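One structure is given below, encoded as structure tokens.
Coordinate-derived values only; no laboratory data. The shown structure was predicted, so the numbers you read here are calculated from the model rather than taken from an experiment. Here the Cβ is made from the backbone with ideal geometry for all residues, glycine too, and neighbour counts use every protein chain on show.
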Ligand code: B12
């Protein structure tokens, strides 16, 4: 099994806080510049959302340059009416958190289209008007709300974050890194990546049953969400029929861009069903895929894409595969859209992808297994 993760996220809020402290150490102490932190995008729990504002207040020693508390981007679905409820909930808390602890972070009412595509100007304006109305409610509610659980969260996470910072600085120094040199520090952290960083310097108890070998002090919401997805989709893969299709297969998976949750989930599900996964991670170049696939053993390629460049990427990948004379079925999922010619918003490119002989499958569903089975069988005929 190969891993080339570059952009993996943290599973523990303590590591997020420790990393933020480390960034402040590098930018403010070593470089003498002022640092602003934003947070929020991958956080749904109101206690954590408000709590992060308090944690940032501590990290910046009560002198925070507020930037942005992003909207809760991970709770959205395709249902606009439900999405309005999501905005109402997180925004109420974000505004109340600013009233309780005014760090100056701007709040962000997200458009209801968040899970589908980049928003139109109309949808942005609608969200801002909605946000204004929520502000009135938040101001009315704030004096009556008890923030003790939020203070508990921030106390716990800030203190564990400081031990992550200390672990990192002590161990890096022992390993011969000049921790007074900002360039060396940035380089080492980049090479290490969040996954190894969390495993080595994390604050949670060592426990092999948890991802990265540690129990999180407080699990991040996005980590909990990924685990939930794995539970929800397990039935599709963990059954005798699927196993008979997937067991012993060798399948390559990669993300075209920075979005990597889907590939982490698919990797976990297929591995458990007995598939040997070659996981190239995030932001993978088409050429890299062709090189890995040219060993002759890979039976299918799974591409996950989100950035609105599905077609462009598919064309480049097809070219690279053809150059190496590789005939392997390519299943492509995620957000299959792209801006074409003079369209203001990205449009669905599923039919274009089919014309390139790729197999679009935006969601994980039973059809995915059947698709894989039939395509792998077809490929076996070509050999
Ligand atoms: C998390 C996230 C991020 C994180 C990514 C962190 C990480 N390391 O993964 C961060 C904050 C870094 C990020 C950045 C950006 N993001 Co973003 N992001 C999201 C978000 C909120 C969730 C995506 C996600 O992880 N979902 C959880 C996973 C499990 O679900 P999923 O991805 O939908 O996958 C499911 C299916 O699609 C399917 N699937 C996915 N892949 C595959 C593959 C196969 C083979 C199969 C069968 C199925 C399948 O299976 C999964 C389970 O059902 C979405 C909005 C949303 N709510 O969906 C925007 C979103 C995808 N991002 C978007 C954009 C534009 C960006 C940026 C370009 C923004 C910017 N201007 O900087 C940057 C990317 C920069 C870069 N260099 O690539 C847009 C894409 C717009 C579009 N295509 O029209 C979205 C839709 C937000 C929006 N409305 O504008 N993002």
At the level of C-alpha centres, the distance separating the stretch 310-371 and the stretch 77-154, in angstrom, is 35
Treating every alpha carbon of the stretch 105-197 as one equal point scatterer without solvent, the Debye formula yields log10 I(q)/I(0) values at q = 0.17, 0.24 Å⁻¹ of -0.88, -1.16
Rounded to the nearest 10, the angle in degrees between the Cα long axis of helix 366-382 and the longest principal axis of the Cα atoms of the chain comes to 40
Over the chain, the sum of -39500 (n - 2.57) across DSSP H runs of at least four, divided by residue number and rounded to 500 deg cm²/dmol, gives at 222 nm -17000 deg cm²/dmol
Longest principal axis of the chain (C-alpha) makes with the long axis of helix 13-24 (C-alpha) an angle, in degrees to the nearest 10, of 70
If R0 = 45 Å, then residue 79 and residue 170, at their Cβ-Cβ distance, give a FRET efficiency to the nearest 0.05 of 0.40
Treating every alpha carbon of the stretch 134-292 as one equal point scatterer without solvent, the Debye formula yields log10 I(q)/I(0) values at q = 0.09, 0.12, 0.13, 0.20 Å⁻¹ of -0.49, -0.81, -0.90, -1.28
For the chain (alpha-carbon point model, no solvent) the Debye-based log₁₀ I(q)/I(0) at q = 0.10, 0.11 Å⁻¹ works out to -0.76, -0.91
In Å, the C-alpha Rg and Dmax of the stretch 272-332 are 11.5, 33
Distance in nm between residue 89 and residue 350 label points, each 7 Å along Cα→Cβ, equals 2.9
Rounded to the nearest whole number, the per residue volume of the convex hull around the C-alpha atoms of the stretch 12-150 in Å³ is 117
P(r) over all Cα-Cα pairs of the stretch 222-382, 10 Å bins from 0 to the longest distance, whole percent per bin, short to long, reads 11, 41, 36, 11, 1
Helix 310-323 sits off the longest principal axis of the Cα atoms of the chain, rounded to the nearest 10 on a 0 to 90 degree scale, by 40
Using the Cα gyration tensor of the stretch 147-202, the equivalent ellipsoid's semi-axes, largest first and to the nearest Å, work out to 27, 11, 10
